[in-house]
Structures are given as C-alpha cells and as structure tokens.
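Encoded as structure tokens, the structure appears first; notes follow it.
The values are calculated or read from the model by the stated rules, or taken from the named source; none is laboratory data. Keep in mind the model is a prediction, meaning the values are calculated, not measured. A quick note on method: Cβ atoms are made from the backbone with ideal geometry, for glycine too, and the neighbour counts reach across all protein chains shown. The accessibility values were calculated without ligands, DNA or RNA, using every heavy atom of the protein model including side chains. Shrake-Rupley method; radii C 1.70, N 1.55, O 1.52, S 1.80 Å.
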Amino acid sequence: MTYSEVMDELRAKGDEKVLKQNAKAGGGENQFGVKTADLRDLAKKLKANPKLATELWDSGNIDAMRLATLIMKPKELSLDDLDRMVLAMSTFQVADWFGTNVLKLHPHKEAVRERWMDSKHEVTARMGWSLTTERVIKSPDGLNLSGLLDRIEIDMAGAPSDPHTMLNCKEWTMNYCLAEIGINFPEHRARATAIGEKLGAFRNYPVSKGCVSPYAPIWIAEMVRRKG
C-alpha cells in the first residue's frame, strides 16, 4: 500500500468516540481516532516497511505516527534518527507507542537515556525517564538508586494533578520510576513511600474499579502485597 492509500484507510477507520477521548487527553486535532485494534491489524497487513513508516511519521497525524511505530525496524535507526523523532512528538499517545515499539528495542538506547532525562522538552524527558524505569526493573546494576530518589524528590515537586495535563508530562514516568524502586528494592521502600507521601503526586487520580492508584504509596504497598 502507498502512503496515500494507508492514510485513506486510516481516515475510513476513524471512530468519533475514540477521537473525542484522544482529544480530551490532549491528543490535538491531527488525528482520525482509529482504534488500537485496527491499527494493529493494519500493521500486520503492511509488515515491516521503514520507508512507509518514515512517511507516516512525518505526517504528524497521531494515528499514522502510532502505526509507523509498528512497521519500523528499530535496529536500522541511528541515534540522530531517535533524537529527531522524539522531538517530533507532542502527545503521550504517540510517545508511549514509540517507547514500547521502537525505543526499548533499540540496541543503543542507553546512549540517549541520561541525556534525554535532562531535556527541557517534556516528551523527550518522559522517554528518558521511561528508559530509566526499565533499567530499574530489568537491569539495575550500575544505577544509583539513592541518587534517583534524590532527583525525583526535587524535580517532581509541584507535579500536576489534573489527569489530562499529566499525560504529557515527564512527571508521570518519574512517578513510575519512584514506585518501581519502592516495589523492587526493600532497602529503599520506606524512603520511596515517604517521598510519594511528601509529593502527593496523583493522590486523587481517578482509577477504574480493580485498578491500582498511581499514587506511589498506595501503588508500592499494593504491589508488594501481591508479591507476597
């Protein structure tokens, strides 16, 4: 399929309900509101196609950019490509798909992790902290966890509480990092919980029945309980 044909199909699959949900969450106007399942089905049909992926990404359309992350070949992307792509993102919908489907599969992601954490660009910083959280969970050797807690305690002061504003901010992934340190490292659990209580970030965030609150003290305690 050509770029134009793919865009026509995305437009045809647009769902008004999804469009409104995305817009409410800060998704902007350049989108059709395509359901996740439809994007994944289309990606299976297209298979890996770096050239088409680049065209879709450069469109700036949220649905096209999310689809692009599914048909890219992460190993073929240079670090300059990653820098360019992360700066093109302004919504969490695209950022999180990019993180899962591209960035975390890139062989040299560690080369950008710390640099991105320091970025003034909110989405870039979000990606840097996302990679750091992955390190905390999967390969913490060499990480200064006490230093990370120091930084979170300082940098997360004043984290947004509005659920829609929050979704575009680095504080969401910083909070994730805080919780994972508390969950996975008993020696840091009390301090991680205390920092969460002090910050109060996402204390009143609405959650569906059966889901765990992103408020770090509750999140940490519940996941530790489940681990037994």
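Observations on the structure shown:
- Rounded to 10°, Cα long-axis angle of helix 186-199 versus longest principal axis of the chain: 80
- Reach of residue 17 by Cα under 17 Å, taken over aspartates and glutamates that are not fewer than 8 positions away in the same chain: 29, 38, 63
- Value of relative contact order over the stretch 83-228, rounded to a whole percent, pairs C-alpha under 8 Å and six or more apart: 19
- Applying 1/(1 + (r/R0)^6) with r as the Cβ-Cβ distance of residue 185 and residue 75 and R0 = 35 angstrom yields a FRET efficiency of 0.65.
- Centre-to-centre, using Cα atoms only, the stretch 68-91 and the stretch 106-161 are separated by 19 Å.
- The stretch 73-222 has equivalent-ellipsoid semi-axes of 25, 18, 14 Å, by the square roots of 5 times the alpha carbon gyration tensor eigenvalues, sorted largest first.
- In summary, the lysines within cross-link reach of residue 104, defined as a Cα separation below 25 angstrom excluding same-chain residues under 8 places away, comprise 35, 44, 45, 47, 51, 73, 75, 120, 138, 170.
- Over the stretch 1-107, accessible surface divided per residue gives 50 Å², non-protein components excluded, 1.4 Å probe.
- Length-normalised contact order of the stretch 1-156 in % [C-alpha pairs under 8 Å, at least 6 apart]: 15
- Taking GluC sites (Glu not before Pro) across the stretch 1-35, the ones in a DSSP loop with at most 11 further Cβ atoms lying within 10 angstrom of their Cβ are 29.
- Taking the stretch 89-139 and dividing mean pair separation by its residue count, relative contact order in percent (alpha carbons under 8 Å, at least six apart): 33
- Global form of the stretch 1-87, assessed from the alpha-carbon gyration tensor, a/c cut-off 1.5: oblate
- When +1 charges are put on Lys and Arg Cβ atoms and -1 charges on Asp and Glu Cβ atoms, the dipole computed for the stretch 1-115 relative to its Cα centre reaches about 380 debye.
- Taking 7 Å steps out from each Cα toward its Cβ at residue 150 and residue 40 produces label points 4.2 nm apart.
- Carbon + sulfur, % of accessible area of the chain - ligands and nucleic acids excluded, 1.4 Å: 51
- Between 0 and 90°, nearest 10: helix 3-12 axis offset from the chain longest Cα axis: 70
- Sequentially through the stretch 32-46, phi angles give Karplus couplings (6.51, -1.76, 1.60; θ = phi - 60°) of 10, x, 7, 5, 4, 4, 5, 5, 5, 5, 5, 4, 5, 6, 7 Hz, Gly and Pro residues having no value and appearing as x.
- Remark: spin-label model distance residue 21-residue 115 equals 3.7 nm, labels positioned 7 Å along the Cα→Cβ axis.
- Within the stretch 124-228, the trypsin sites (Lys or Arg not before Pro) that combine a DSSP coil assignment with at most 12 other C-beta atoms in a 10 angstrom radius are 209.
- The chain, dipole about Cα centre (Lys/Arg Cβ +1, Asp/Glu Cβ -1), debye to the nearest 20: 700
- Extension gain for the segment residue 225 to residue 141, taken as residue separation times 0.36 nm less the Cα-Cα distance, is 27.8 nm to one decimal.
- Ordering 34, 3, 50 by Cα displacement along the dipole of the stretch 1-89 toward the positive end leaves 34 in first place; charges were set at the Cβ atoms of Lys, Arg (+1) and Asp, Glu (-1).
- Within the stretch 7-93, trypsin sites (Lys or Arg not before Pro) in DSSP loop having at most 11 other beta-carbon neighbours inside 10 Å: 47
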